[in-house]
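Notes follow once the structure below has been shown.
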Amino acid sequence: MTNLAITQTREWVSSVIVKYNFCPFARKEVENNCIHYVLSPAVKIDDAVMDMLEQCTQLNQNPDRETTLILFDNGFSDFEDFLDLVDLANALLVAQGFEGKYQIANFHPDYVFADSEEDDAANYTNRAPYPTLHLIRELSMSEALESYDEPESIPEHNIKLARRKGFDFWQQLLEGIKKPSA
């Protein structure tokens, strides 16, 4: 049985990331079933980074997995605490020899860009149902970016779309994903 957090995150990937093309490379990975979803029970930063490092090792051992989403359904609900986790995870990625092989993207239900207001709809480009570390294979990302016209326009496109749809639209969409099904 799939955990509710994984089910909801799969729904978010499908109905937000793929549907609104926030990541133009995600559709292929969803269709090829190459995204690995992991629920981490960690509530402490040390345990969370150990889980992240374990998933890097798992990616090494499973070349059919294109990417991994590590979800924290019990920990890191505070965005600032989550950013501390992201900082340490990035540092350990380097320290453990995974730099250049994997990179980390991150998502959080309360994500706010540094230069943004909390109610800016653009924040929804990085908001997810749960605090999430996304491990990405750098080689695959490089290859995907090389085949994409103007990859630097992706964030700009996402921000424009998010703002055009508006804060309330994204908030309702994310809340709908998080509602337990009857």
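The values are calculated or read from the model by the stated rules, or taken from the named source; none is laboratory data. Keep in mind that what you see is a predicted model, and the values were worked out from it rather than measured. Heads up, the Cβs are rebuilt from the backbone with ideal geometry, glycines too, and the neighbour counts pull from every protein chain shown. To get the accessible areas, we keep the full protein, side chains included, count just its heavy atoms, and leave off ligands, DNA and RNA. Shrake-Rupley method; radii C 1.70, N 1.55, O 1.52, S 1.80 Å.
Brief remarks follow.
- Options Asn3, Asn74, Asn32; residue that is in contact (Cβ under 8 Å) with a residue 24 or more places away in the chain, surrounded by fewer than 18 Cβ atoms within 10 Å (Cβ to Cβ) and under 19 Å from Ser142 (Cβ atoms): Asn32
- Subset of segment 35-50 [open to solvent by 50 Å² or more (accessible area, probe 1.4 Å) and part of a helix (DSSP H, G or I)]: Ile45, Asp46, Asp47, Met50
- Pair list, Cβ < 8 Å and 6+ apart or interchain, from segment 101-117 residues that are in a loop (DSSP other than H, G, I, E, B) to residues that are charged (D, E, K, R) and open to solvent by less than 70 Å² (accessible area, probe 1.4 Å): Lys101/Arg137; Lys101/Glu138; His108/Arg127; Pro109/Arg127; Asp110/Arg127; Tyr111/Arg127; Val112/Asp120; Phe113/Asp120
Okay, residues lined up against (1) modelled with pLDDT under 95; (2) open to solvent by 20 Å² or more (accessible area, probe 1.4 Å); (3) of a type outside the set (A, V, I, L, M):
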{"site": "Ala95", "(1), (2), (3)": "no, yes, no"}
{"site": "Pro109", "(1), (2), (3)": "no, yes, yes"}
{"site": "Pro129", "(1), (2), (3)": "no, no, yes"}
{"site": "Thr132", "(1), (2), (3)": "no, no, yes"}
{"site": "Leu139", "(1), (2), (3)": "yes, yes, no"}
{"site": "Glu143", "(1), (2), (3)": "yes, yes, yes"}
{"site": "Glu146", "(1), (2), (3)": "yes, yes, yes"}
{"site": "Asp149", "(1), (2), (3)": "yes, yes, yes"}
{"site": "Glu152", "(1), (2), (3)": "yes, yes, yes"}
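- Residue match in segment 117-125 (condition: open to solvent by 40 Å² or more (accessible area, probe 1.4 Å), among the small types (Gly, Ala, Ser) and within 28 Å of Phe169 (Cα to Cα)): no
- Contact map, segment 140-168: first residue more than 17 Å from Ile17 (Cβ to Cβ), second residue open to solvent by 40 Å² or more (accessible area, probe 1.4 Å), Cβ cut-off under 7 Å, separation 6 or more or different chains; pairs are Phe167/Asp119.
- Within segment 58-71, tally of residues that are in a helix (DSSP H, G or I) and either open to solvent by less than 50 Å² (accessible area, probe 1.4 Å) or of a type in the set (Asp, Glu) (or both): 2
- Matching residues, segment 77-92, being open to solvent by 20 Å² or more (accessible area, probe 1.4 Å) and assigned to a helix (DSSP H, G or I): Phe79, Glu80, Asp81, Leu83, Asp84, Asp87, Leu88, Asn90, Ala91, Leu92
- Residue count for segment 118-165 under the criterion of being more than 27 Å from Asp81 (Cα to Cα) and assigned to a loop (DSSP other than H, G, I, E, B): the result is 6.
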